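*Asks:* What follows is a structure written as structure tokens; I'll ask about it next.
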Amino acid sequence: MKLYPKLVTSIARDIVHALMDNRDIEVEEKSIISARTDFEAIMNEYIRAERELSDMAKDIMASRGWSSSKFQEAKKIAANSRDLPLGEDALDFIINQMIEYMFISPHFDEVYSEDHVIRKRMVNILRRYLKMNQDVDDEVRNRLKHLQEGTRDWDIAYAKTLEEVKRAKGLI
């Protein structure tokens, strides 16, 4: 799962408004921005922790003499050592944190719906945004069909093309 920092504010806004519009939660008008900020903080913390995992993965690869093709394996090792979920598990992890926080935050006045109802709304919104990551990756890979994946040339071209596509889509 890849959350883009530039999208965090939009995701938090959409979640809070969807929950309010469906009367799942009650938030006073003066606390809406603070409620969104609470959700943003949860997502930003996950982004920070995931960056830390990537750095750890690079260290693992260097210490074991692994090529860049084993990055995901190294990242899984790092994630297991930190008990930080990746992929679909990360989605559940973030949503669980948001739901738990609604019950302790002073910015959420009332939670009316059951967890599974709130979870479903959050998942739908997060998946819509996360689909962008898959679309970006597909576009980059489509542009690099002429290179063999796993080679040094492919890694360099992938990083460069990824940045170009993200910039074109306003993600960085």
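The values are calculated or read from the model by the stated rules, or taken from the named source; none is laboratory data. Predicted model only: the values in this text are computed from it and were never measured. Cβ atoms come from the backbone with ideal geometry, glycine included; neighbour counts cover every protein chain shown. Heads up: the accessible areas ignore ligands, DNA and RNA and are worked out on the full protein's heavy atoms, side chains in. Shrake-Rupley method; radii C 1.70, N 1.55, O 1.52, S 1.80 Å.
*Asks:* Ignoring everything but the protein chains, give the 1.4 Å probe accessible area of THR37 in square angstrom, nearest 10.
*Replies:* For THR37, solvent-accessible area is about 70 Å².
*Asks:* Expressed as a whole percentage, what fraction of the accessible surface of the chain belongs to carbon and sulfur atoms when a 1.4 Å probe is rolled over the protein heavy atoms? Numbers along the way, then the final one.
*Replies:* Details: 4830 of 10220 Å².
Solvent-exposed carbon and sulfur of the chain make up 47 percent of the total.
*Asks:* Counting each DSSP H run of 4 or more residues in the chain as -39500 (n - 2.57), what helix-only mean residue ellipticity at 222 nm follows after dividing by all residues, to the nearest 500 deg cm²/dmol?
*Replies:* The helix contribution divided over the chain gives -24500 deg cm²/dmol.
*Asks:* For Cα extents along the principal axes in Å, one of (i) 54, 35, 24; (ii) 90, 45, 30; (iii) 59, 33, 25 was computed from the structure I shared and the rest are decoys. Which label?
*Replies:* For Cα extents along the principal axes in Å, the calculated option is (i).
*Asks:* Now, a different point. Sort LEU84, LEU19 by accessible area with a 1.4 Å probe, largest first.
*Replies:* Descending order: LEU84, LEU19.
*Asks:* Please give, to one decimal in nm, the separation of the simple spin-label points placed at ASP115 and LYS58, each 7 Å out from Cα toward the Cβ.
*Replies:* 3.7
*Asks:* Let me ask something else about it. Taking θ as phi - 60°, what are the ³J(HN,Hα) couplings along the range 123-132 by the Karplus curve (6.51, -1.76, 1.60), each to the nearest whole Hz, with x for Gly and Pro?
*Replies:* Once rounded to whole Hz, the list reads 4, 4, 5, 4, 5, 4, 6, 5, 4, 4.
*Asks:* I would also like to ask the following. For the range 122-167, state which trypsin sites (Lys or Arg not before Pro) are in a DSSP loop and have at most 14 other beta carbons lying within 10 Å of their beta carbon.
*Replies:* LYS145
*Asks:* Please compute the per residue accessible area over the chain with all protein chains in place, 1.4 Å probe, rounded to a whole number of Å².
*Replies:* About 59 Å² of surface per residue is accessible.
*Asks:* Which whole-number percentage describes the relative contact order of the chain, with Cα contacts under 8 Å and a sequence gap of 6 or more?
*Replies:* 31
*Asks:* Here is a follow-up. Do any of LYS2/LYS160; LYS6/LYS76; LYS58/LYS160; LYS120/LYS145; LYS58/LYS166 go past 28 Å between their Cα atoms, and which?
*Replies:* Over 28 Å apart, Cα to Cα: LYS120/LYS145.
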